[in-house]
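Notes to accompany the following structure.
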Amino acid sequence: RFPEFALGVRRHIVMEEEVLFPAFDHAPGMEGIGPTEVLRLEHVEIRALIEATTHALEGGRDAAAFQARVERLALAMAAHSAREEHALYALTDRSLPPERRTDLIRRMQAV
């Protein structure tokens, strides 16, 4: 099931980087705030951890290495998700009018 999970995480990252982050960065009053830069750097780390975990899974010989990578990925994603929930998503909700939020959701779902 890990490949399915990894695909979903990669899709989530693309939705954010191609749709949500640009909308946030250009929303009135959000210029120069910068949380998307930190989140983009965390996306790089999460992608690398997914890749390392995938390789450990495909190797199939070292369960301890796979478990260690899964734990590291879980920690990175938990911290990242907390920043998204408490900063980016909340600020986006406040900075965009309802019709823009609806359009944003539609565009993200199209990814």
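Values in this text are rule-based calculations from the coordinates and carry no lab data. Keep in mind the model is a prediction, meaning the values are calculated, not measured.
When restricted to Cα atoms, region 34-75 yields an Rg and a Dmax of 12.2, 42 Å, respectively.
Under the criterion of Cα pairs below 8 Å and six or more residues apart, the relative contact order for region 13-111 equals 43 percent. Between helix 98-109 and the chain there is an angle of about 30 degrees, using the helix long axis and the longest principal axis of the Cα atoms.
The translational diffusion coefficient of the chain, from Stokes-Einstein at 10 °C and 1.306 mPa s with a Kirkwood hydrodynamic radius over alpha carbon pairs, comes to 105 µm²/s.
The angle between the Cα long axis of helix 2-15 and the longest principal axis of the Cα atoms of the chain comes to about 20 degrees, rounded to the nearest 10. Taking the longest Cα principal axis of the chain as reference, the axis of helix 63-83 is set at about 10 degrees.
Take the eigenvalues of the Cα gyration tensor for region 46-105, scale each by 5, and report the square roots as semi-axes in whole Å, largest first.
They are 36, 12, 6 Å, listed largest first.
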